[in-house]
Amino acid sequence: MGARQKTIGIIGAGIIGVALARALQRRGRQVTLFDEREPGTATSFGNAGYIATEAIFPLAHGAVLRSLPRMLLNPLGPLAMRWQEFPRLLPWYLKYANACSHRRAADSIHALATIQGEAGSAWETFKTAERLQDLVVANGAMMIYESDRGFKETSIRREVQRHYGIESQVLSGDEARGEIPELSNRIKHAVIYPDGKHVVNPYSVTTAIFDRFVGDGGNFSKQRIDAIETKDGHVRNIRAAGETQNFDFVVVSAGHLSGRLLKPLGYKVPIVAERGYHLEMSHRETRLNRPVGAYERGFHITPMSSGLRLAGTVEFSSADHDEAPNWGRADILKRHIGEIMPDLAETETGRWMGQRPTMPDFLPVLGNAPGLENLYLAFGHHHLGLTLAPVTAAIMGDLIVTGTPSIDIEPFNLRRFS
Ligand SMILES: Cc1cc2nc3c(=O)[nH]c(=O)nc-3n(C[C@H](O)[C@H](O)[C@H](O)COP(=O)(O)OP(=O)(O)OC[C@H]3O[C@@H](n4cnc5c(N)ncnc54)[C@H](O)[C@@H]3O)c2cc1C
């Protein structure tokens with residue numbers, strides 16, 4: 001008789017948990033995925049669908065910190081503060097300010113650029129293996145700039161991107177309008193990222209992978225995990241609805257709710273729910289066939305199978321408190337598209353709010369839980385969960401099965417906050 005197959009329980013079936021479940025299954029492991037909701041229906045449902053492998057600048061750096069007052073004073077700006085939550089979030093803001101220091105930000109850029117360096121090829125491998133060709137489009141992406149200032153202040157970023165092998169092409173406003181005639185005259189500059197990709201429906205991506213996982217014998221259990229139980233430096237059980245289940249390894253990929261699960265084990269996880277919104281709109285016939293990011297306005301416009309998706313904006317909120325969406329933030333997106341592509345969008349067809357799982361340094365948490373050798377963590381992917389899902393799955397799959405991930409994941413360990 002062969003050795004007993006190691007069992008793995010994964011808590012959270014968003015894009016991160018589902019991609020990892022599939023990666024571990026492909027490595028021959030027996031995996032049970034837990035979620036209190038249907039897979040892919042939380043934050044992974046409504047994102048902008050942009051596979052943004054050029055995004056190597058975490059939002060925790062001095063330039064962003066310095067521009068916060070300007071952003072907060074602009075009611076149409078990309079950032080809104082929920083002042084009633086300010087006292088509760090103060091410790092997170094202080095950690096954020098600390099992560100913006102020159103040295104820490106430089107380390108974070110290097111860490112993010114390293115994982116992003118593998119993210120594009122991980123997506124290619126994943127797309128082929130999971131037969132996602134109909135859902136992934138490789139037409140590049142465009143960033144548009146309405147001000148000379150915005151364009152100039154990002155020139156250093158393009159240099160750093162080149163240093164990490166990320167290609168870009170600079171266009172004038174008129175050249176950009178040659179590509180997408182609906183762009184208004186407000187657009188003064190644009191940058192094309194030829195390697196950018198997007199998905200035409202993020203929810204379909206998660207469910208396609210999930211269906212293959214279940215089809216090949218993976219288990220899904222629709223229940224909320226109430227506790228992770230430990231003994232002698234090991235996770236023993238996970239508990240749901242009063243019953244316990246035993247696994248050799250447990251992974252927490254519960255998005256912004258990951259901290260809530262880890263707190264009883266003594267981990268202080270500085271995570272917030274960074275709320276963002278999308279609006280979907282029907283549109284006129286257009287040559288817009290790639291995601292377009294509006295730099296000053298902080299949102300993306302992505303052509304999806306369901307119409308045009310306008311997605312973005314930032315509203316920091318405590319991870320443990322579920323407050324009603326502030327739909328005024330979504331309405332702002334409609335106003336934005338009216339100003340930058342006035343002839344494109346027609347009728348609104350849907351709106352949504354999602355909660356990005358965000359750490360103060362805008363890096364994910366990946367690796368072993370400090371002090372518990374069979375507990376693993378994969379959460380905190382903030383604005384980049386779709387982009388980083390396949391590479392996270394590959395890295396964590398290797399870590400759990402062989403103990404050796406393909407890149408140094410020490411910068412992503414939760415220990416960095418202790
Ligand atoms: C407006 C917006 C636009 C975005 N655009 C992009 C983009 O273009 N590109 C990109 O790469 N990323 C984008 N993102 C970010 C991306 O959507 C997230 O990083 C990603 O969805 C996070 O995935 P996740 O699996 O960690 O979390 P989730 O999708 O939230 O999944 C976590 C799951 O854990 C479950 N769970 C939690 N606690 C428990 C428990 N105790 N028991 C059982 N289940 C539990 C939840 O029910 C949930 O289903 C965007 C986000 C927003 C809000």
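The values are calculated or read from the model by the stated rules, or taken from the named source; none is laboratory data. All of these numbers come straight from a predicted model, not from anything done at the bench. Every residue, glycine as well, gets a Cβ built from its backbone with ideal geometry; the counts of neighbours run over all protein chains shown. Side chains are part of the model used for accessible areas, which takes the heavy atoms of the whole protein and leaves out ligands, DNA and RNA. Shrake-Rupley method; radii C 1.70, N 1.55, O 1.52, S 1.80 Å.
Exposure check, 1.4 Å probe, all protein chains in place: Ser418 carries approximately 130 Å² of accessible surface.
Between His102 and Lys188, the simple spin-label model (points 7 angstrom out along Cα→Cβ) gives 2.8 nm. Relative to the longest principal axis of the Cα atoms of the chain, the long axis of helix 86-99 lies at roughly 80 degrees.
Take every DSSP beta bridge whose two residues both sit in the chain; close to 75 percent of them are antiparallel. Dipole magnitude for region 9-120: computed about the Cα centre from +1 point charges on Lys and Arg Cβ and -1 point charges on Asp and Glu Cβ, it is near 240 debye.
The listed residues Tyr277, Tyr267, Tyr295 rank as Tyr295, Tyr267, Tyr277 when sorted by accessible area, largest first, using a 1.4 Å probe. Region 266-294 and region 328-403 have Cα centres spaced 9 Å apart.
How far, in nm, would the chain grow between Arg26 and Glu323 when pulled straight, counting 0.36 nm per residue and subtracting the alpha carbon separation?
Working: separation 297, 0.36 × 297 = 106.92 nm, distance 3.86 nm.
Here the segment from Arg26 to Glu323 would lengthen by 103.1 nm.
In this simple spin-label model, placing a label point 7 Å from the Cα along the Cα-to-Cβ direction at both Gln133 and Glu159 gives a separation of 4.3 nm. Helix 15-26 and the long axis of the chain differ in direction by around 50°, with both axes built from C-alpha atoms.
Tell me, what is the FRET efficiency for Gln5 and Phe417 to the nearest 0.05, using R0 = 30 angstrom and their Cβ-Cβ distance as r?
Working: r = 34 Å, r/R0 = 1.15.
That pair, Gln5 with Phe417, gives E of 0.30.
Which one, Pro181, Val214, Ala227, projects farthest toward the positive side of the charge dipole computed for region 170-230 from Cβ point charges (K/R +1, D/E -1)? Going by the charge dipole, the pick is Pro181. Simple point charges give the picture: +1 on the Cβ of Lys and Arg, -1 on the Cβ of Asp and Glu, and for the chain a dipole about the Cα centre of about 700 debye.
Where Lys and Arg each count +1 and Asp and Glu each count -1, what net charge lies around Asn139 among other residues with Cβ under 10 Å from its Cβ?
Result for the local shell: +2.
Measuring between alpha carbons in the structure, the pairs from Lys6/Lys222; Lys222/Lys263; Lys127/Lys268; Lys6/Lys231 lying more than 26 angstrom apart are Lys127/Lys268. Could you check which residue among Thr41, Thr32, Thr244 shows the biggest mean-square fluctuation in a GNM of the chain with a 10 Å Cα cutoff? Among Thr41, Thr32, Thr244, the largest GNM mean-square fluctuation belongs to Thr244. What aspartates and glutamates could a cross-link reach from Lys188, if we take a straight Cα to Cα line under 19 Å and drop same-chain neighbours fewer than 8 places away? Excluding near neighbours in sequence, the set is Glu146, Asp148, Glu153, Asp174, Glu175, Glu179, Glu296, Glu339, Asp343. Compare Val401, Val272, Val205 in a GNM of the chain, Cα atoms joined below 10 Å, and give the one with the largest fluctuation. Largest GNM mean-square fluctuation: Val401.
To the nearest 500 deg cm²/dmol, what mean residue ellipticity at 222 nm is calculated for the chain from DSSP H runs of n ≥ 4 alone, each contributing -39,500 (n - 2.57), summed and divided by the residues? One gets -10500 deg cm²/dmol as the mean residue ellipticity at 222 nm. With Cα atoms as the point set, the chain shows a radius of gyration and Dmax of 20.9, 72 Å.
The modelled label-to-label distance for the pair Leu72/Val214, using points 7 Å beyond Cα in the direction of Cβ, is 4.5 nm.
Output the 0 to 90 degree angle, nearest 10, between the alpha-carbon long axis of helix 62-73 and the longest principal axis computed from the alpha carbons of the chain. With rounding to tens, the tilt is 70 degrees.
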